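Enquirer: What follows is a structure written as structure tokens; I'll ask about it next.
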Amino acid sequence: MEGVSYQRFPRIKIREMRDDYLKFELRDTDSSVANALRRVMIAEVPTVAVDLVEIEVNSSVLNDEFIAHRLGLIPLTSDRAMSMRFSRDCDACDGDGQCEYCSVEFHLRAKCIGDQTLDVTSKDLLSSDHTVTPIDFSDSPAADDASDNRGIIIVKLRKGQELKLRAIARKGIGKDHAKWSPAATVTFMYEPEILINEDLMETLTLEQKKAWVESSPTKVFDIDPNTQQVVIVDPEAYAYDDEVIKKAEAMGKPGLVEIYPKEDSFIFTVESTGAVKAYQLVLNAIEILKQKLDAVRLPEDTVDADDFGELGAHMRGG
């Protein structure tokens, strides 16, 4: 129909926000956009991670490849990753790591000279760029003074053992390797709409109401101690397991409750690895998603009303 627009204007409402955690509502859109946003957050938001390791001395119990792999999995602060170049696209260097546009150089040198075991951690990595450093978890609310303050353990050295290396960190995305993924987990669920048939509920005894409420594996419903009425305490705890619906049918009360997923409302939970703050992870994902949509959008002057112009010729094999 000419003149009809199907454009939608998604809205986001923040529910809870910390540096490494974000919970928000995404409304007025459909599951395709919600899932696209989730996948971009996991696999296409760039970060910086160790990609090349040159080991000069290693007399530890771990072989070179093992240590290189552990270094790659250490999350690095990646606030400027969006403005960095991919090393494959950088024309200012030859990929040796001596480049301010696409890479950051790290050095590590540790030797155990005492009888106590020496823990070599991420805090022993010395960066050539103060904006790209290993994540410091000591400021986290969940940090344990006895463990988190020493950083992420890379290897343990005994007396006389030594580790000396040079590492190059580069920009990348989770689609290429999981070490570049900024997200520990990203999930979304449909917001449930729960409708209780009050008239039918009144026909149940208090014992039947309790049995029905307890049939839910999660605390979605409860009984008001004053009115003895069944109330909804946490609709988002519903896991779409249909247990309360099956219980109602087993009690001979079909239609006691109706539960529908809202097709245009989603609840997101985002946990960051620390490389990028959770809110910045969402903002970067939205920006990347916009760029991807712009790349596939057809200019108006290439679309003809009769044969779709160049696109129509391609579809016809021309």
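Enquirer: Out of all the residues in segment 215-236, which are farther than 24 Å from Lys262 by Cα and out of contact with any helix residue (DSSP H, G or I) (no Cβ under 9 Å at 6 or more places or on another chain)?
Expert: Asp224, Pro225, Asn226, Thr227 - these are the residues of segment 215-236 that are farther than 24 Å from Lys262 by Cα and out of contact with any helix residue (DSSP H, G or I) (no Cβ under 9 Å at 6 or more places or on another chain).
Enquirer: Going through segment 7-24 one residue at a time, which ones are touching a strand residue (DSSP E or B) at 6+ places or on another chain (Cβ under 6 Å), part of a strand (DSSP E or B) and over 16 Å from Leu289 (Cβ atoms)?
Expert: Lys13, Ile14, Arg15, Glu16, Tyr21, Leu22, Lys23
Enquirer: Could you tell me how many of the residues in segment 240-270 are open to solvent by 10 Å² or more (accessible area, probe 1.4 Å) and under 17 Å from Ala36 (Cα atoms)?
Expert: Matching residues across segment 240-270 total 3.
Enquirer: Condition first: acidic (Asp, Glu) and surrounded by 14 or more Cβ atoms within 10 Å (Cβ to Cβ). Now tell me which residues in segment 271-301 satisfy that.
Expert: Scanning segment 271-301 gives a single hit, Glu271.
Enquirer: Mind counting the residues in segment 269-318 that are over 21 Å from Val40 (Cβ atoms) and either of a type in the set (Phe, Trp, Tyr) or at pLDDT 95 or above (or both)?
Expert: Matching residues across segment 269-318 total 1.
Enquirer: If I ask for residues that are free of Cβ contacts under 8 Å to residues at least 24 places away in the same chain and within 16 Å of Val132 (Cβ to Cβ), which ones from segment 49-92 would you list?
Expert: Selection gives Ser83, Cys90.
Enquirer: I'd like to check something: does segment 55-69 contain any residue that is at pLDDT 95 or above, more than 14 Å from Ile154 (Cβ to Cβ) and out of contact with any Asp or Glu (no Cβ under 7 Å at 6 or more places or on another chain)?
Expert: Yes, that holds for at least one residue.
The values are calculated or read from the model by the stated rules, or taken from the named source; none is laboratory data. Because the structure is predicted, anything quoted here is derived from the model rather than measured. Reconstructed Cβ throughout: ideal geometry from the backbone, glycine too, with neighbour counts over all protein chains shown. Quick note on the areas: whole protein, heavy atoms, side chains included, nothing else; ligands and nucleic acids left out. Shrake-Rupley method; radii C 1.70, N 1.55, O 1.52, S 1.80 Å.
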